[in-house]
Amino acid sequence: MEILYNILTATIISGSLSIILVIAEYFFANYGDCKITVNNKKEIVVKGGGNLLNALAENKIFIPSACGGRGSCGFCKVKALDGAGPVLPTEKPYLSASELKDSIRLSCQIKVRQDIKIHIPEELFNIKKFKAKIVEIIDYTYDIKGITFQLLEPNTVDFKAGQYMQLETPKYEKSKQVISRAYSISSIPDIKDSIQLIIRRVPDGICTTWVHDYMKLGDIVNLVGPFGDFYIRDTEADIIYVAGGSGKAPIKSMIEHFAKYQSTRKMTYFFGARTTKDLYLTEEFQEYEKTMPDFTYVPVLSAPSPDDGWTGKTGFIPPYFKDYIRDPLNTEAYLCGSPGMIAAVEKELINLGVAKDKIYFDSF
């Protein structure tokens, strides 16, 4: 009992101190105006105290952030040249030794408390915020929706098949602030005046709860993007795709793009699901098998129920690779899913002879 009492006391004290520090910084810390110099050519002045990610976004410089700035995705990296302060423990798990040596930081974890100099990739200056109207909502499964956004301002977008957008969830009863989350574009780049996102419900997820329970046709929202280096490389190599759930979104964009231009590349798409109720767009992908003779769609169920009447492939996907890869040295792989899935699939592909630098992935 004494040990539990001491632990409880220590927890209360540390929690109280944290609250006091937050309150003290809010009421007493005044950092004044701070200058952010970007790539030694653009200067912006912001009120000090906030984080760098938000300060840049408020000035129309958008850094990728799949988690919306919560420090849990590691995407919002910038090179800090001066004034960013020490690396925080919350950043280190997302930074490699070489990145730490090269002064790479997570912009969502940097507090703007003095003048800062940073460097970002030039292409990020082309990222835009779009105002869009929701014009179509499709229930693909019990927990996956396809949403089409008509772009209003700007009214067109250029992107590569496989890239993603950040959707800003408006304030609603379960969130008192605007929340941003990243979702892959599932429509093709040729359609420039609208985009489709495929969004799976995450239990208690602030953004997906709004999408599944509150969003309605006609709603006006903000989208930021496009982001990402998960896109098809311009080669003639064979392709292996692996994805499940909402990970189908970027793969759908890629394959539809190839279908439109009647690609002759050999492609195999393994779609992983638990049961038949988790399958969707099956007929559409089977149609692509007819229009692209070298395309094969392979759904694999990990836990089909007896009532499913499933006669297709079951279990894990990697054991089936050897039946479809004809030349490992001339094969690229595009993977979309959880870190665990990607690690397992990558390991098997490498074991079969696929080069590691030809394996591209989008982890979420």
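Here, each number is a calculation from the coordinates, and none is a lab measurement. All values reported here derive from a predicted model rather than from experimental measurement. Ideal geometry is used to build each Cβ from the backbone, glycine not excepted, and the neighbour counts take in all protein chains shown.
Okay, here's what the table says:
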| item | result |
| --- | --- |
| Label-point gap, in nm, between LYS356 and ASN330 - each point 7 angstrom along Cα→Cβ | 2.5 |
| Mean shadow area of the chain, taken as a quarter of the surface of its Cα convex hull (nm²) | 23.3 |
| Cα-based reach from LYS145 at 13 Å (exclusive), listing aspartates and glutamates while leaving out same-chain residues under 8 positions away | GLU136, ASP213, ASP278 |
| For the chain, size of Cβ-based charge dipole, Lys and Arg +1, Asp and Glu -1, in debye | 840 |
| Contour minus Cα-Cα distance for LYS42 and THR276 (0.36 nm per residue) | 79.0 nm |
| Share of pairwise Cα separations in segment 303-364, more than 14 Å, in percent | 60 |
| Farthest positive-ward along the chain dipole, Cα basis, beta-carbon charges - from ILE255, ASN126, PHE159 | ASN126 |
| Estimated dipole of segment 127-227 in Debye, rounded to 20 [Cβ of Lys and Arg +1, of Asp and Glu -1, Cα centre] | 280 |
| Cys with no candidate disulfide partner in the chain (beta-carbon separation under 4.7 Å rule) | CYS34, CYS76, CYS108, CYS207, CYS336 |
| Principal-axis tilt of helix 339-351 within the chain, Cα atoms, nearest 10 degrees | 50 |
| Positive-pole candidate from ILE116, ILE220, PRO89, dipole of the chain, charges at beta carbon | ILE116 |
| Aspartates and glutamates whose Cα lies under 20 Å from that of LYS290, excluding same-chain neighbours fewer than 8 positions away | ASP238, GLU256 |
| The chain, relative contact order in percent, only Cα pairs under 8 angstrom and at least six apart counted | 12 |
| Segment 127-227 - convex hull of alpha carbons, volume per residue in Å³ | 88 |
| Isotropic mean projected area of the C-alpha convex hull, segment 248-364 (nm²) | 7.4 |
| Debye intensity ratio I(q)/I(0), log10, segment 30-124, q values 0.18, 0.23, 0.25 Å⁻¹ (C-alpha model) | -0.75, -1.26, -1.48 |
| Angle between the chain longest axis and helix 248-260 axis [Cα atoms, degrees, rounded to 10] | 50 |
| Segment THR235-TRP310, length gained on full extension (0.36 nm per residue, minus Cα span) | 23.4 nm |
| Crossing angle, helix 2-28 versus the chain [Cα axis fit, 0-90 degrees, rounded to tens] | 70 |
| Length gained when the stretch LEU81-THR264 is fully extended (0.36 nm per residue, less Cα-Cα span) | 61.2 nm |
| Shape of segment 200-309, Cα gyration tensor, a/c cut at 1.5 | oblate |
| Dipole magnitude of segment 238-363, debye to nearest 20 (Cβ charges: Lys/Arg +1, Asp/Glu -1, about Cα centre) | 180 |
| Qualifying lysines (Cα of each under 22 Å from Cα of LYS77; at least 8 residues distant if same chain) | LYS35, LYS41, LYS42, LYS47, LYS60, LYS92, LYS101, LYS111, LYS117, LYS128, LYS129, LYS160 |
